[in-house]
1. Can you pull out every residue in the range 98-120 that is of a type outside the set (A, V, I, L, M), within 12 Å of the ligand (Cβ to nearest atom), within 19 Å of Tyr21 (Cα to Cα) and surrounded by fewer than 19 Cβ atoms within 10 Å (Cβ to Cβ)?
2. Could you count how many residues in the range 268-300 are without any contact (Cβ under 8 Å) to a residue 12 or more places away in the chain and over 20 Å from Glu78 (Cα atoms)?
3. Just to verify a result, which residue in the range 143-165, among those that are touching a residue at least 24 places away in the same chain (Cβ under 8 Å) and surrounded by fewer than 17 Cβ atoms within 10 Å (Cβ to Cβ), is farthest from Gly41 (Cα to Cα)?
4. Looking at the range 36-49 only, could you name the residues that are over 25 Å from Arg301 (Cβ atoms) and either more than 15 Å from the ligand (Cβ to nearest atom) or aliphatic (A, V, I, L, M) (or both)?
5. I'd like to check which strands (runs of 3 or more DSSP E) are fully inside the range 1-89 and have at least 1 residues that are touching a Leu at 6+ places or on another chain (Cβ under 7 Å) and among the hydroxyl-bearing types (Ser, Thr, Tyr).
6. State all residues of the range 116-125 that are out of contact with any Ser or Thr (no Cβ under 6 Å at 6 or more places or on another chain) and in a helix (DSSP H, G or I); if no residue qualifies, say none.
7. Inspect the range 237-260 for any residue being part of a helix (DSSP H, G or I) and charged (D, E, K, R) and give the result as yes or no.
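The values are calculated or read from the model by the stated rules, or taken from the named source; none is laboratory data. Quick caveat, the model's predicted, so the values are computed rather than measured. Backbone-built Cβ (ideal geometry, glycine too); neighbour counts: all protein chains shown.
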Amino acid sequence: MAKRILVAGSSNIDFLLTTPYIPAPGETLLSAGKYAFTPGGKGANAAVAAKAMGADVVFCSRVGDDAYGDRLIALFKERGIDTRYIKVDRLEQTGLAVVMLEKSGTNRIIVFSGANKKISDADVEASFSSYPDAVLTQFEIRPDAVIAAARLANDEGLPLFVDAGPADEEFPLEKLERVEIFSPNETETEILTGIRPNNLENCLRASIALCNRVDIKYVVLKLGSRGCYVYDGKYCDLVSPYEVPVVDTTAAGDVFTAALTTEYLRTGKILDAARFANAAGALAVSKLGAINSVPTEDEVRALMNA
Ligand code: RIB
């Protein structure tokens, strides 16, 4: 039977704009590409991806009482996600992310949190009545909501999965207490540890630094085109990437962590889960958009078998 994952996190509409390069201060740049308003948000991307990878997903989030909020909730329902714990906030607008996408596929994102900043520890607590098997969260909501998710997961003996995006060096990592898998990308690793994971030695140093702050079973560093680095407190492995043409890296990390979580819960094998997550992340970078780039489980397995 599919595991039920409670995802506590943000929902956004992404204003996606392609640009030849990031303009300098005072510079006006004409973009020849198109723009689009597409569904995203780190929590929403992870919720949709976990569902697409075969999990049963309950999503705890907030949207505004506006057309974007309606559009997001309709999409989550259409994807088969349990939306009972998504609140419609009458005072805040739906979160919005401005995604500037360069030709290389790399992006820069500015997030207007809107309703996401009202996701409270009480919202999170209520969502635990869905009887989840595991909890997945990110740092795009208020720290007290993340800490509540961690406390409740730990109290109930549920495995806790944390995607460290967007990283905040002030975040009190110690309060997460016990984490099954902690997964930052390169930038987030550097912000949280002061160590850039640009070679194997630094990956190990950064992983040890994280484990010194919080009880983590597996650190999985997302290294983009270098794959991912897995550390279990004793042994480490660099798991090779799948090579694909890069169109848009937006949400690849969210898809990676959701796929990692789902496959790990299914198999209990961290390296198999890391390979599966690398394939899911690779497929996500080969398409434009956040939720629009989430692959299906079949597509992931087909890439792994190719
Ligand atoms: O990780 C990608 C996501 O970050 C985007 O979908 C955007 O909404 C921001 O939250």
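1. Of the residues in the range 98-120, the ones of a type outside the set (A, V, I, L, M) are 102-108, 112-114, 116-118, 120.
So of that shortlist, the ones also within 12 Å of the ligand (Cβ to nearest atom) come out as 107-108, 112-114, 116.
If we keep only those that are within 19 Å of Tyr21 (Cα to Cα) too, we end up with 107-108.
Arg108, the sole residue that qualifies.
2. Residues in the range 268-300 being without any contact (Cβ under 8 Å) to a residue 12 or more places away in the chain and over 20 Å from Glu78 (Cα atoms): 3 in total.
3. Out of the qualifying residues, it is Glu156.
4. Across the range 36-49, the qualifying residue is only Ala36.
5. 12-19, 35-40
6. Passing the criteria: Lys117, Lys118, Asp121, Ala122, Asp123, Val124, Glu125.
7. Within the range 237-260, one or more residues are part of a helix (DSSP H, G or I) and charged (D, E, K, R).
Residues checked against (1) within 28 Å of Thr19 (Cβ to Cβ); (2) in contact (Cβ under 8 Å) with a residue 24 or more places away in the chain; (3) touching a Cys at 6+ places or on another chain (Cβ under 7 Å); (4) more than 16 Å from the ligand (Cβ to nearest atom):
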position	(1), (2), (3), (4)
Tyr218	no, yes, no, yes
Gly224	yes, yes, no, no
Gly233	no, no, yes, yes
Pro241	yes, yes, no, yes
Val247	yes, yes, no, no
Asp254	yes, yes, no, no
Arg266	no, yes, no, yes
